[in-house]
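Sending over a structure as structure tokens; questions will come in a sec.
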Amino acid sequence: GAGVSQTPSNKVTEKGKYVELRCDPISGHTALYWYRQSLGQGPEFLIYFQGTGAADDSGLPNDRFFAVRPEGSVSTLKIQRTERGDSAVYLCASSFSGRTYNEQFFGPGTRLTVL
Amino acid sequence: EDQVTQSPEALRLQEGESSSLNCSYTVSGLRGLFWYRQDPGKGPEFLFTLYSAGEEKEKERLKATLTKKESFLHITAPKPEDSATYLCAVRTTSGNTPLVFGKGTRLSVIA
């Protein structure tokens, strides 16, 4: 079956612009996560959805970052007034919620470059 | 604060030269320790989950073990295709909560 997909794979934007990053999780996975990975670092948590609602958004760095998952499937991460420090790979992961503990499956990521 | 520390940062092995990667953790409560493999330009690929001290899991040339303070990823007779960054992560609360990752160990296996 299809894995987690993310679009675009690469995004180059100018400082101050608005960007949207899309994540399509594995079918049937109700939990969806966004992480950010800088060069040489491990992924850092941003926000986590259980169904349509954000269960934990404590990792969002500031109010320029926002994410939605309106129908409990596809999610969009939105970044307003981008800054050069936002440049990173944005990873999406999903997991099944049928058991208590579940591994997360990651997409290939979106590489965001802010000039 | 929950912390995950991986060592070494980088490891270079000759093909067939077995070794181990370390993941030490300081957490309020462990609800699972995860190992992932990440190839350049790709997302992390799930390898193992360990839940309790003494648990071991194996997959091909890889074996993961867990104690109360650390986990080891043992690589037996590695091949060049095992070259990748290996990430360790922990879950500290029940349910499908987010993971806390270490910085990873970059493994290079030379033929």
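The values are calculated or read from the model by the stated rules, or taken from the named source; none is laboratory data. None of these values were measured; they are calculated from a predicted model. Backbone-built Cβ (ideal geometry, glycine too); neighbour counts: all protein chains shown. To get the accessible areas, we keep the full protein, side chains included, count just its heavy atoms, and leave off ligands, DNA and RNA. Shrake-Rupley method; radii C 1.70, N 1.55, O 1.52, S 1.80 Å.
If you count the DSSP beta bridges with both ends in chain A, what percent of them are antiparallel, to the nearest 5? Don't skip to the end; give the middle numbers.
Details: 33 of 37 bridges.
The answer is about 90 percent antiparallel.
Using only the alpha carbons of the protein assembly as shown, determine the length spanned along each of the three principal axes and report them from longest to shortest in whole angstroms.
49, 37, 37
Quick one: which bits of the stretch B:87-103 get at least 50 Å² less accessible when the partner protein chains are in, versus the chain alone, with a 1.4 Å probe?
B:N96, B:P98, B:F101, B:K103
Once fully extended, how much extra length lies between A:T113 and A:V68, figured as 0.36 nm per residue of separation less the alpha-carbon to alpha-carbon distance? Each step should come with its number before you reach the end.
Details: separation 45, 0.36 × 45 = 16.20 nm, distance 2.17 nm.
Contour length minus Cα-Cα distance gives 14.0 nm.
As an exercise, use a Förster radius of 30 Å and the Cβ-Cβ distance of A:E20 and B:T93 to find the FRET efficiency, rounded to the nearest 0.05.
In this case the efficiency is close to 0.50.
Sticking with this structure for a sec: Over all residues in B:35-43, what is the mean tally of Cβ atoms on other chains that come within 10 Å of each residue's Cβ? Can you show the working numbers first?
On the way: counts 0, 5, 0, 6, 0, 0, 5, 5, 15.
Average per residue, whole number: 4.
OK, next. Heavy-atom accessible area per residue, chain B, 1.4 Å probe: how many Å²? Write out the running numbers ahead of the final one.
Numbers: 5430 Å² over 111 residues.
Heavy-atom SASA per residue in chain B reads 49 Å².
How many nm is it between the label spots at B:T76 and A:K78, if each spot is 7 Å from the Cα in line with the beta carbon?
If labels sit at B:T76 and A:K78, their model points lie 5.3 nm apart.
While we're looking at this one, here's another question. I need to check one value: relative contact order of chain B, counting alpha carbon pairs closer than 8 Å and at least 6 residues apart, in percent. Mind dumping the intermediate values first?
Numbers: 283 pairs, mean separation 40.7, N = 111.
It comes to 37 percent, rounded to a whole number.
Give the interface area between chains B and A as buried accessible surface, both sides summed, probe 1.4 Å, in Å² to the nearest 100.
Working: alone 6310 and 6400 Å², together 11010 Å².
So the total buried area for this chain pair works out to about 1700 Å².
Determine the sum of side-chain charges near B:Q14: Lys and Arg each +1, Asp and Glu each -1, restricted to other residues whose C-beta is under 13 angstrom from that of B:Q14. Walk me through the numbers before you get to the answer.
Numbers: positive: B:R12, B:K79; negative: B:E15, B:E17, B:D82.
Net local charge, B:Q14 excluded: -1.
Compute the whole-percent fraction of alpha carbon pairs in the stretch B:3-110 spaced more than 21 Å apart. Could the numbers behind the result be given before it?
Values: 1690 of 5778 pairs.
Summing the P(r) tail past 21 Å for the stretch B:3-110 gives 29 percent.
Right, here's the next one. Based on the Kirkwood radius over alpha-carbon pairs, what value in µm²/s does the Stokes-Einstein equation return for the translational diffusion coefficient of chain A at 25 °C and 0.890 mPa s?
Stokes-Einstein gives a translational diffusion coefficient of 174 µm²/s.
Can you work out the FRET efficiency for the pair A:A2 and B:K59, with r the C-beta to C-beta distance and R0 = 22 Å, to the nearest 0.05? Each step should come with its number before you reach the end.
Details: r = 23 Å, r/R0 = 1.03.
Rounded to the nearest 0.05, the efficiency is 0.45.
With contacts defined as alpha carbon pairs under 8 Å and 6 or more residues apart, what's the relative contact order of chain A in percent?
On the way: 291 pairs, mean separation 42.1, N = 115.
Rounded, it is 37 percent for chain A.
Structure shown: which of A:K78/B:K103; A:K11/B:K59; B:K68/B:K103; B:K79/B:K103; B:K42/B:K63; A:K11/B:K69 lie over 31 Å apart, alpha-carbon to alpha-carbon? Before the final figure, lay out the partial values.
Details: A:K78/B:K103 26 Å; A:K11/B:K59 36 Å; B:K68/B:K103 20 Å; B:K79/B:K103 23 Å; B:K42/B:K63 23 Å; A:K11/B:K69 40 Å.
Going by Cα-Cα distance, A:K11/B:K59; A:K11/B:K69 fall outside the 31 Å limit.
Quantify how strongly other chains surround peptide A:48-57 by giving the mean number of their Cβ atoms within 10 Å of each of its Cβ atoms. Please list the in-between numbers first.
On the way: counts 5, 1, 3, 0, 0, 0, 0, 4, 3, 0.
Whole-number average of other-chain Cβ neighbours for A:48-57 is 2.
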